Amino acid sequence: MNTTTITITGEHLTMEDVCAIAQGASAALAGEALAAMARSWEGVQTLLARGEIAYGITTGFGAFKGRIIPLHEVEALQRNLVLSHAVGVGPLLDVASVRAAIAVRANTLAMGYSGIRPQVVEALLRLLARNVIPCIPAYGSLGASGDLAPLAHIACVLIGEGEAFCEGERLPGGEALRRAGLAPVTLGAKEGLALINGTAVTTALGTLATLRAENLMDAADITAALTVEALRGTAAAFDARIHQVRPHPRQVDTAATLRRLLAGSTFLRPHDPRDIQDAYSLRCIPQVHGAVRDTIAYARWALEIELNAVTDNPLIFFDAEGNPEVLSGGNFHAEPVGLAMDYLKLGLTDLGNISERRTARLIDEALNRGLPAFLTRHGGLESGFMLAHYTAAALASQNKVLAHPSTADTIPTSANTEDHVSMATNATHHTRQVLENVERIVAIELLAAAQAVDLRREQVGSAAQLGKGTAAAYACVREHIPFLEHDTYLAPYLEAATRLVADGTLIRAVQG
């Protein structure tokens, strides 16, 4: 059980904090956050007492912004909003994603611009502490006005509606609260809108995907280096001088990583003036992997800002005399995150493309420098890695469809009031799909590279040494997956290799 508690201030939430909460850590509001929210809530009460017309507080929503709501119906307005907006469809988001979304939403509200009581946000965080996980269907958000539908499914549970998992059982929201010893919340003015209007789900999904992409990138570098050795490649293209004169920082870093991984290798091809350079999928690893790292770095940059940003509407500010003022704007528009996710999934798609090409070279006897076709000694009778490459190719092809930018699309909604939307949540869903596919593509390359190293060792002699880093990577593979002497039920080995890539085992083995 994770006993860590993350302090929510509204200003200091990191991607790693979100991941920790997603994996079971608790969260608690800082004192300054409680004070900021209390002041904001008091500001809403002042506006109500003045009888001011304020969007979402004393008016309807979206195209109903001109409909004035009597004060005695303000609570009903907020409850109706939550219930009517819980229209998500499709498979449920996983537990980690829901927990991450709750954390991100709480952090936004903690900044004290949303007009919500501290007690409501504390109730939100108690869902995490008691492991009450709202059921959130994956689809239905346009990424503006934020993630209305998925966030409404969280808010429904908070008021005793909707559905949630409690102790592993899917229950009506009210029953889940009762079993966890929690009471439903009655929403006041502005509070329903504060809970559902923002980018928390998109940001949470993007955060978890970006962290996972960083892990994948490290595993892809290791796998590519092992393939270079299996194919008797040359390390000349990784010479620091080449990259210093084209100083894209992550290209330079990738070349340095490859040099460290391959240090001491005798599998590499010695200098041969008649065989100077390798195919692009080997020679250009720093250029391609480095550029993919750029997309991940950009996603981290955008998300670190978004995690500590106010993303709902309207917002409560105070003038120099302490008088509250309501301002309407568009911080719920998730375009910054959507573009980052589109960029990331494009980069990951190409990472899968180049990995698939290296696998194709490993199994092709016309290209693999003397290894047996499809990495089997018994070709014809046995198919070896022929179909493993089919799977890599199928996944790479699927990614090319998923890589279409979601943010290039928009469909006007709410009677054309919301006439441009980001589709950022779709972008995050597609990014996660691409990410999972590329984890499998790289895992197939890793499995094939280890098989090829064993077959190559028979040619170069048992005394041949892998590089300092790749030797550890190879040993990690062989600890979990044997050399495949004959055709066998291959699917479990592909899954085992995918776990090595996805859960960080391969990286930890190389790092020692």
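Every number in this text was worked out from the coordinates using simple rules, so none of it is lab data. Values in this document were obtained by computation on a predicted structure and should not be read as measured data. Every residue, glycine as well, gets a Cβ built from its backbone with ideal geometry; the counts of neighbours run over all protein chains shown.
If the viscosity is 1.306 mPa s and the temperature 10 °C, what translational diffusion coefficient in µm²/s does Stokes-Einstein give for the chain when Rh comes from Kirkwood over Cα pairs? It comes out at roughly 64 µm²/s. Helix 95-109 and the longest principal axis of the C-alpha atoms of the chain enclose an angle of approximately 50°.
Convert each backbone phi in region 424-431 into a coupling constant with the Karplus relation 6.51 cos²θ - 1.76 cosθ + 1.60 (shift: θ = phi - 60°), then list the ³J(HN,Hα) values in order as whole Hz, x for Gly and Pro. Per residue, the Karplus-derived 3J(HN,Hα) values read 5, 5, 4, 4, 5, 4, 5, 4 Hz. To the nearest 10 degrees, how steeply does helix 200-230 sit against the main Cα axis of the chain, on a 0 to 90 scale? So the inclination is approximately 10 degrees. With q set to 0.17 Å⁻¹, the log10 of I(q)/I(0) for region 218-268, from the Debye formula over equal scatterers at the Cα positions, is -0.48. The Cα-based radius of gyration and maximum Cα-Cα distance (Dmax) for region 372-512 are 20.5, 73 Å. Restricting the GluC sites (Glu not before Pro) of region 123-167 to loop positions (DSSP other than H, G, I, E, B) with no more than 16 neighbouring Cβ atoms within 10 Å leaves E167. If the segment from M386 to D409 were pulled out straight at 0.36 nm per residue, it would be longer than the present Cα-Cα gap by 4.5 nm. Over region 302-430, the fraction of Cα-Cα pairs per 5 Å bin, rounded to whole percents and listed from the shortest bin up, is 2, 9, 12, 12, 11, 10, 8, 8, 7, 6, 4, 4, 3, 2, 1, 1, 0, 0. Relative to the longest principal axis of the Cα atoms of the chain, helix 118-129 runs at roughly 40 degrees.
Of all lysines in the structure, those lying under 30 Å Cα to Cα from K190, and not within fewer than 8 positions of it along the same chain, are K65. Taking label points 7 Å from Cα along the Cα-to-Cβ direction, K468 and K400 give a separation of 4.0 nm. Taken over the Cα atoms of region 245-285, the convex hull encloses 98 Å³ per residue.
Which log10 I(q)/I(0) values, to two decimals, does region 431-512 give at q = 0.11, 0.14, 0.17, 0.23 Å⁻¹ under the Debye formula with one point per Cα? Cα-only, vacuum Debye calculation for region 431-512: -0.31, -0.49, -0.70, -1.15. At q = 0.10, 0.13, 0.20 Å⁻¹ the log10 of I(q)/I(0) for region 94-196 amounts to -0.23, -0.40, -0.98, computed by Debye summation with a single uniform scatterer per C-alpha, solvent ignored. With only Cα atoms counted, region 223-368 has Rg and Dmax values of 23.0, 80 Å. Taking amide H as placed 1.01 Å from N in the peptide plane, the amide H of E418 sits under 5 Å from that of T413, each at least 5 places away or on another chain.
Volume per residue for region 334-373 equals 40 cubic angstrom (convex hull of Cα atoms).
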